[in-house]
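Please treat every number below as a calculation from the coordinates, not as lab data. Since this is a predicted model, take the numbers as computed values, not measurements. As a convention, Cβ positions derive from the backbone with ideal geometry for all residues, glycine included, and neighbour counts pool all protein chains shown.
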There are 2 protein chains.
Amino acid sequence: MKNENSLLAQLIKAFKILPGVGEKSAQRMAFYLLENNREGGTKLSKLLTNAMENIRNCASCRNLTEDIYCDICSDTKRDNSTLCIVESPTDVIAIENSGSFKGKYYVLMGRLSPIDGVNPADLGIPKLIEDINANDIKEVIIATSPTIEGDATSFYIKDQITKENIIISRIAYGVPMGGELEYVDNTTLSRAIQGRREIEK
Amino acid sequence: MKNENSLLAQLIKAFKILPGVGEKSAQRMAFYLLENNREGGTKLSKLLTNAMENIRNCASCRNLTEDIYCDICSDTKRDNSTLCIVESPTDVIAIENSGSFKGKYYVLMGRLSPIDGVNPADLGIPKLIEDINANDIKEVIIATSPTIEGDATSFYIKDQITKENIIISRIAYGVPMGGELEYVDNTTLSRAIQGRREIEK
């Protein structure tokens, strides 16, 4: 762009803050809205302002919500005795879409990383432990990511849970369904072998 | 998403109107802004409203601008005697970035397509012809896309220009630089052979 200060150039630059959006995609987005969908652009703008101002963390599980408690925490039909600990709101969506969990969640909004200054308090772990002690939770499923930091976060949480008669589990990491062994990376295969389970007779 | 009417679900849906953005990318965008860059989100929102309301077509070349005349049309250093006709503002950016043209532009904002109801008046072709007749233009370069509709648009414009002593050219279509012949598609190769030029001795 010739004029770096033009409204168009500024809009293209603003689009580039979005993840996965480079110069070309940002241009396409700006021109698409300006040429074909100004109404959609205005709507997107209004929703953005509204969301940036009104979406906060759920007072119970720390997931994102515009209310005090998120939809899942306010849902009385869900099983209060199992708690799934995840790193981010997208993980909640992924697990919800799989339809395989009917309990409640706790969203850490990150993972332990002393180098980046992310400590247990930033992830709300003290509150999580309090919640576990105060409520009638029978099983805690730790679903942090299979990375060094995700593993460390998982170990830390497991160590902090001192309550008795509680099952602490971690979701299974291994070969994905439909995955051909020869294309699976070494770390995943190694995890799959470590995590092998006896076949019931 | 469980609740289709939540602000978050609406924001994700609004992002999906952008070209190349599906459900997953829209989720990533929404969560990225909410978790890491609310300030950027608010800024993007303000720029979007501003752009949707204030960016219009240049009164001279129909390119997008927030002023009456765009930067290129207002630039007195550019060559008024050559006019490059393109389909869209992104084409102007592409040609400007190539640094190979110093004249003025005319942006059609589309191409002739009777099936979709796009006629010459929609593309501002009558005004373009008036401009060519009224001004001291020595060469018109038609840079519409090498598609059936782009070709038709090019032929139509060429036929409409009745002024004498004017060069009408079309940009060259052929094998791209660095392209291996064996990977070039048939239509491009056919164009490249049709458009062959004698090598000067």
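DSSP assigns beta bridges within the protein assembly as shown; of those with both partners inside it, close to 20 percent run antiparallel. Highest-first packing order for the peptide set B:184-191, A:69-76 is A:69-76, B:184-191, based on the mean count of other beta carbon atoms within 10 Å.
Please work out the C-alpha center-to-center distance from the range B:80-143 to the range A:48-97 and express it in whole Å. Cα centres, the range B:80-143 to the range A:48-97: 52 Å.
Sorting the segments B:20-26, A:87-93 by their residues' average number of neighbouring beta-carbon atoms within 10 angstrom, most packed first, yields A:87-93, B:20-26. Distances between equivalent label points of B:Val175 across the copies, with each point positioned 7 Å along Cα→Cβ, amount to 4.6 nm, shortest listed first. Comparing mean-square fluctuations of A:Leu47, A:Leu34, A:Leu18 from a GNM of chain A with C-alpha springs under 10 Å, the top value falls on A:Leu18.
Residue order for A:Val118, A:Val86, fewest other beta carbons within 10 angstrom first, comes to A:Val118, A:Val86.
Shown for A:Ala134: label points 7 Å from Cα along the beta-carbon vector, and their distances to the equivalent points in the other copies, 7.4 nm in ascending order. Label-point spacing at B:Gly20 relative to the other copies reads 1.1 nm, in ascending order, each point sitting 7 Å out from Cα along Cα→Cβ.
Over the Cα atoms of the range A:14-127, the radius of gyration divided by the Kirkwood radius equals 1.07; this is the Rg/Rh ratio. Angle of helix B:23-36 to the longest C-alpha principal axis of chain B, folded into 0 to 90 degrees and rounded to 10: 60°. The gain in end-to-end length when the B:Asn133 to B:Ser74 segment is fully stretched comes to 19.2 nm, 0.36 nm per residue minus the alpha carbon separation. Remark: relative contact order (the range B:102-200) = 22 percent; criterion is Cα-Cα distance under 8 angstrom and separation of 6 or more residues. Principal semi-axes of the equivalent ellipsoid, √(5λ) from the alpha carbon gyration tensor of the range B:78-170, are 20, 17, 11 Å from largest down. Beta bridges from DSSP with both residues in chain B: antiparallel share about 20 percent, rounded to the nearest 5. With a Förster radius of 51 Å applied to the beta-carbon distance between B:Ile171 and A:Val175, the computed FRET efficiency rounds to 0.45. For the segment A:10-22, counting C-beta atoms of other chains within 10 Å of every residue's C-beta and taking the mean gives 6.
Candidates B:Asn119, B:Ile55, B:Ser190 compared by Cα position along the dipole of chain B: farthest toward the positive end lies B:Ile55, with charges placed on Cβ. Going from the residue with the fewest nearby Cβ atoms within 10 Å to the one with the most, B:Met52, A:Met177, B:Met109 rank A:Met177, B:Met109, B:Met52. Rounded to the nearest Hz, the phi-derived 3J(HN,Hα) couplings of the range A:131-139 under the Karplus curve 6.51 cos²θ - 1.76 cosθ + 1.60 (θ = phi - 60°) are 4, 5, 5, 7, 9, 8, 9, 9, 9, where x marks glycine and proline. Seen from A:Lys138, the other residues with C-beta closer than 13 Å to its C-beta sum to a net charge of -2, counting Lys and Arg as +1 and Asp and Glu as -1. For the range A:1-40, the pair-distance distribution built from all alpha carbon pairs, in bins 5 Å wide starting at 0, is 6, 26, 29, 27, 11, 1 percent. Of the GluC sites (Glu not before Pro) in the range B:165-201, the ones in a loop by DSSP (not H, G, I, E or B) with at most 10 other beta carbons within 10 Å are B:Glu180, B:Glu198, B:Glu200.
For the range B:42-201, the fraction of C-alpha pairs farther apart than 22 angstrom is 50 percent. Basic side chains Lys and Arg get +1 at the Cβ, acidic Asp and Glu get -1 at the Cβ, and with that the dipole of the range A:63-103 about its Cα centre reaches some 220 debye. Around the Cα centre of the range B:78-170, unit charges on the Cβ atoms of Lys, Arg, Asp and Glu (plus for the first two, minus for the last two) sum to a dipole of about 220 debye. Close amide-amide hydrogen proximity is noted between B:Tyr106 and B:Cys84, B:Ile85, B:Val86, each under 5 Å apart and 5 or more residues distant or on a separate chain (H modeled in the peptide plane; Pro and chain starts excluded). For the protein assembly as shown, the extents of the C-alpha atoms along the principal axes are 95, 48, 43 Å, listed from largest to smallest. Taking every alpha-carbon pair under 8 Å whose residues sit at least 6 apart, chain B reaches a relative contact order of 12 percent. Kirkwood radius for the range A:151-201, taken over all pairs of different Cα atoms as the inverse mean of 1/r, rounds to 13.4 Å. Pairs from the table (A:Lys24/B:Lys127; A:Lys158/B:Lys24; A:Lys77/A:Lys104; A:Lys104/A:Lys127; A:Lys43/B:Lys46; A:Lys102/B:Lys16) lying more than 20 angstrom apart at Cα are A:Lys24/B:Lys127; A:Lys158/B:Lys24; A:Lys102/B:Lys16.
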